[in-house]
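J.: Sending over a structure as structure tokens; questions will come in a sec.
Nothing in this text is a laboratory measurement; each read-out follows from the coordinates by a stated rule. None of the values given here were measured: they were computed from a predicted structure. Here Cβ is always computed from backbone atoms with ideal geometry, including for glycine, and neighbour counts include all displayed protein chains.
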Amino acid sequence: MTLLKTAEGASSPRPVPRGWWSQLYAAGTDGPETQGARHGLALLLFILVLLTAFRVAALFVSPSELGFDEAQYWDWSRHFAFGYFTKPPLIAWIIGIERGLCGDTAACVRLASPLFHFGTAIALALLARRLYGPATGFWTGIFYAILPGVSLSSFLMTTDAPLLFLFALALHPLITYLERPNLTSAFVFGLVVGLGLLAKYAMIYLPVMVVLAAIALPGLRRAVFRPLSLVALLVAFLILSPNLLWNLFNGLATFRHVGGDNIGWSLSRLNAVGGFEFLAAQFGVAGPIIFGAMLNAGLFGLRSEKPETDRLLLWLSLPLVAAITVQGFLSQANANWAAPAYGAGTVLATALILRDRRPFYFLANLAICGSLALALLLVTAFLDPTGAKGPARQFAQLGGWRVTAENIERLAKERGATTLVSESRALTAGLTYALRESPLAVEALLMTGERVEDHYQADRPFQQGEPVTGHLFVGLSDAAAKSLGLVPIAEIVAPIYSNRSGVMTVYGPSGATTVSPSSKSGG
């Protein structure tokens, strides 16, 4: 299959649009071919470095704190392992490195995220340049960097940042292998896929989509369905094997979480609108122009002058969107679950946008995604999450933890308590990070007969029946408090996302001195 040349019989390339925006389209690629391409890469690198520098600076001036998922990853990073309760280990290893170099602040924990997205933008730009030419390469890098989902993800430490980087990186040896199968490209592809699986199991979608592409596109079959391809699978398996062994020795904890909590197919969880909600969210994740171009190519056959390349990139992106849409109908689907589709998808969409004779879609994508990227940069740098309301309400989960922890610690000193017990994973994770410099130990409540549901219940449980003296309890339901023989002893100011009232009830042993529900500790 020829990917790097115009397919035989394909229509000739559409002419570059002429007019006032043609210089913007060219983006440093004018002039002699090699010199223009070199200038285009230099300009792209300058723009991406500048954007990344602003994003890093925003992290260090931001008043936001770690969200509870980030706090849990931070907690994992303090204890090296080949696996953790809900995710493979790579994110904890990355944060562990960051902690050693930078410290435990929220900015330090998040520092790798904008750097990974910078690397992803470069990897996709080089891929697009290889497949479609310098202009497509330049704008692919820009368009990826300002995708709304990427702009948001650049300010949070999640598994998506390293996953997307490794997904994009794996496309390079894959294209090389499809053009000319050889041991080196098979080995490198397997190596990168294996590392991607250590970031997030969603990396498995890439080899699955390669197989689907080979079934659908006859030109790929000879390259994919040959014994040499098994080298890639073997290498990926060897890279992942320590995590597989960890799961075997830990009750398949991560696999049970992915299969039960995330996928969770059952008749009781069928969702008539979930798939539609997920699809609608993708216009926000990728932007309406990029996602619209992908859908246009998939549903209506929009093509560039290299239709075979277009079809390959479609098979490396849209099947993932389709699969998660079905998942949305069967149970649930978070908007970011199809994020890996926007590696190959952004390359394809950019090629199609640039080959349209009209400037509307090109300029609309720049305006919409660029404005959102700027808005998220400013929100990150200056918005106090505890005051977030309306459309920004989701940011509220990134604030209030320090105030809540200070009030709990003050109450613990007054009561002589040495341990804090929480019933919620989110609350336990957030308070573990917020109380990281406090002598107060944090444990997770595990009621008799309950199955272990999270890392904290497995690692540091407070089991029903243990002595409650010297303990404070938060986040309890009335039933749990009654079962443990606890009574409300105080109410504290707790402006965290899960507390719309801004007030948290603290429980203690029934013999403890109680206070009026209207009183508050701290401020």
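J.: Sort 337-343, 187-193 for me by packing, meaning the mean count of neighbouring Cβ atoms within 10 Å per residue, highest on top.
T.: Per-residue Cβ counts within 10 Å, averaged per peptide and sorted highest first, yield 337-343, 187-193.
J.: So, one more: Helix-only estimate, please: 222 nm mean residue ellipticity of the chain, summing -39500 (n - 2.57) across DSSP H runs of length 4 or more and dividing by its residues, to the nearest 500.
T.: One gets -18000 deg cm²/dmol as the mean residue ellipticity at 222 nm.
J.: Using Cα Rg over 2.2 N^0.38 Å as the read-out, say which of (1) 0.96; (2) 1.21; (3) 1.07 was calculated from these coordinates.
T.: Derived directly from the coordinates: (3).
J.: I've got another one for you. Between the helical axis of 205-216 and the dominant principal axis of the chain, each derived from Cα atoms, what acute angle in degrees is found, rounded to the nearest 10?
T.: In the chain, helix 205-216 runs at an angle near 30 degrees to the longest axis.
J.: If you don't mind, there's one more thing I want to ask. For region 194-352, restrict the atom set to alpha-carbon positions and state the Rg and Dmax in Å.
T.: Answer for region 194-352, Rg first and Dmax second: 17.2, 52 Å.
J.: State the cysteines of the chain left without a partner when partners are defined as other cysteines whose beta carbon lies under 4.7 Å away.
T.: Within the chain, the cysteines lacking a partner Cβ under 4.7 Å are Cys369.
J.: Mind giving me the FRET efficiency for Asp459 and Ala367? R0 is 56 Å, r the Cβ-Cβ distance, nearest 0.05 is fine.
T.: For Asp459 and Ala367, the calculated efficiency is 0.70.
J.: Let me ask another. Order 361-373, 195-207 from most to least packed using the mean count of other Cβ atoms within 10 Å.
T.: On the way: 361-373: 17.5, 195-207: 22.7.
Descending mean neighbour count gives 195-207, 361-373.
J.: Then there is this: Grab the alpha carbons of region 90-196, take their convex hull, and tell me the volume per residue in Å³.
T.: Output value, Cα hull per residue: 96 Å³.
J.: Lysine pairs in the chain 8 or more apart or on different chains: how many have alpha carbons under 27 angstrom apart?
T.: Total qualifying Lys-Lys pairs in the chain comes to 6.
J.: Shifting gears a bit: If you build the Cα gyration tensor of region 353-435 and take the root of 5 times each eigenvalue, what three semi-axes come out, in whole angstrom, biggest first? Present the calculation step by step, with values, prior to reporting the outcome.
T.: Values: eigenvalues 408, 32, 15 Å².
Largest first, region 353-435 gives 45, 13, 9 Å.
J.: So what is the orientation-averaged projected area of region 39-95, using the convex hull of its C-alpha atoms, in nm²?
T.: Mean projected area of the Cα convex hull: 5.6 nm².
J.: Here is a follow-up. Treating the angle as unsigned and between 0 and 90°, give the value, to the nearest 10°, between the Cα long axis of helix 112-132 and the longest Cα principal axis of the chain.
T.: Roughly 20 degrees, rounded to the nearest 10.
J.: For region 400-509, what does the equivalent ellipsoid look like in terms of its semi-axes, each the square root of 5 times an eigenvalue of the Cα gyration tensor, given largest first in whole Å? Intermediate values should be presented prior to the final figure.
T.: Details: eigenvalues 74, 47, 40 Å².
Its equivalent ellipsoid spans semi-axes of 19, 15, 14 Å.
J.: Per the Debye formula with a single identical scatterer at each Cα and no solvent contribution, what log10 I(q)/I(0) holds for region 111-266 at q = 0.12, 0.19, 0.20, 0.21 Å⁻¹?
T.: Scattering profile of region 111-266, log10 relative to I(0): -0.60, -1.26, -1.30, -1.34.
J.: Scan around Ala494 for amide H atoms under 5 Å from its own, H built in the peptide plane at 1.01 Å from N, and keep only partners 5 or more places away or cross-chain.
T.: Counting only residues 5 or more places away or on other chains, the set is Val503, Met504.
J.: Let me ask something else. Tell me which residues come under 5 Å, amide H to amide H, from Leu302 once H is placed; ignore anything under 5 positions away on its chain.
T.: Ala297
J.: If you line up the long axis of helix 183-199 against the longest principal axis of the chain, both from Cα atoms, how many degrees apart are they, to the nearest 10?
T.: Taking the Cα atoms of the chain, the angle to 183-199 is about 30 degrees.
J.: Using the Karplus curve 6.51 cos²θ - 1.76 cosθ + 1.60 with θ = phi - 60°, what ³J(HN,Hα) values do you get for each residue of region 217-226, in whole Hz, with x for Gly and Pro?
T.: Each residue of region 217-226 in turn: 10, x, x, 8, 4, 5, 6, 7, 8, 9 Hz.
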